[in-house]
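Below is one structure; the comments refer to it alone.
Laboratory data are not the source of any read-out in this text; all were calculated from the coordinates shown. The structure presented is a predicted model; accordingly, all values stated were derived computationally and were not measured. Glycine also receives a Cβ, built like all others from the backbone with ideal geometry; neighbour counts cover every protein chain displayed.
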Amino acid sequence: MSFELAEWSAKIEVGLPTIDSQHRQLFDLAATFTGDGDQIRILKSLVVLTDYVKVHFREEEEMMAACDYPDLEAHRRLHGEFRRMLFDLLENAKQMTLDEIADEVKYLINGWFYNHILVADFQYVPSVKAALQDQGG
């Protein structure tokens, strides 16, 4: 795959501590995927990553719903797209080499997910921060 891998950096911090922490955890999980190790460990790690993504997306969507974010449905569709890609990877992983799995995970997190944060996630942050400010003051 010909793209430059993005890594976690302050550039993609949205300024919401819980969300930033979850995003960072996803990048940390993706970094554990390398071509070495055994198939069972890799598949278990893939399941852990998939479960973590489900939790993160659910919490993020609940937060957007709580502040009546107007583009919630569009954001949900993006999350659905990512879940489908992860599910496809899980389905196909048994026929893939460990290197291929590692490359695919890195693409999903360091490519798709990184760009998702920079574009879609940064769009909802002002709504969430405004709602939090309204609640607090």
Q | Matching residues in region 124-137 - criterion: being of a type outside the set (A, V, I, L, M) and either loosely packed, with under 15 Cβ neighbours inside 10 Å or in a loop (DSSP other than H, G, I, E, B) (or both) | A | P126, K129, Q133, D134, Q135, G136, G137
Q: Considering (1) under 14 Å from the mean Cα position of the chain (by Cα); (2) surrounded by 13 or more Cβ atoms within 10 Å (Cβ to Cβ); (3) farther than 27 Å from K11 by Cβ, say which one L78 fails and leave the rest.
A: (3)
Q. On the given criteria, is M63 more than 13 Å from the chain's Cα centre (by Cα), surrounded by 13 or more Cβ atoms within 10 Å (Cβ to Cβ) and touching a residue at least 24 places away in the same chain (Cβ under 8 Å)?
A. yes
Q: For region 93-110, state whether one or more residues are free of Cβ contacts under 8 Å to residues at least 40 places away in the same chain and touching a Phe, Trp or Tyr at 6+ places or on another chain (Cβ under 7 Å).
A: no
Q | Residues within region 81-137 that are more than 30 Å from D68 (Cα to Cα) and β-branched (V, I, T), tallied | A | 3
Q: Tell me, please, whether a residue that is closer than 18 Å to S127 by Cα and among the β-branched types (V, I, T) can be found in region 89-111.
A: no
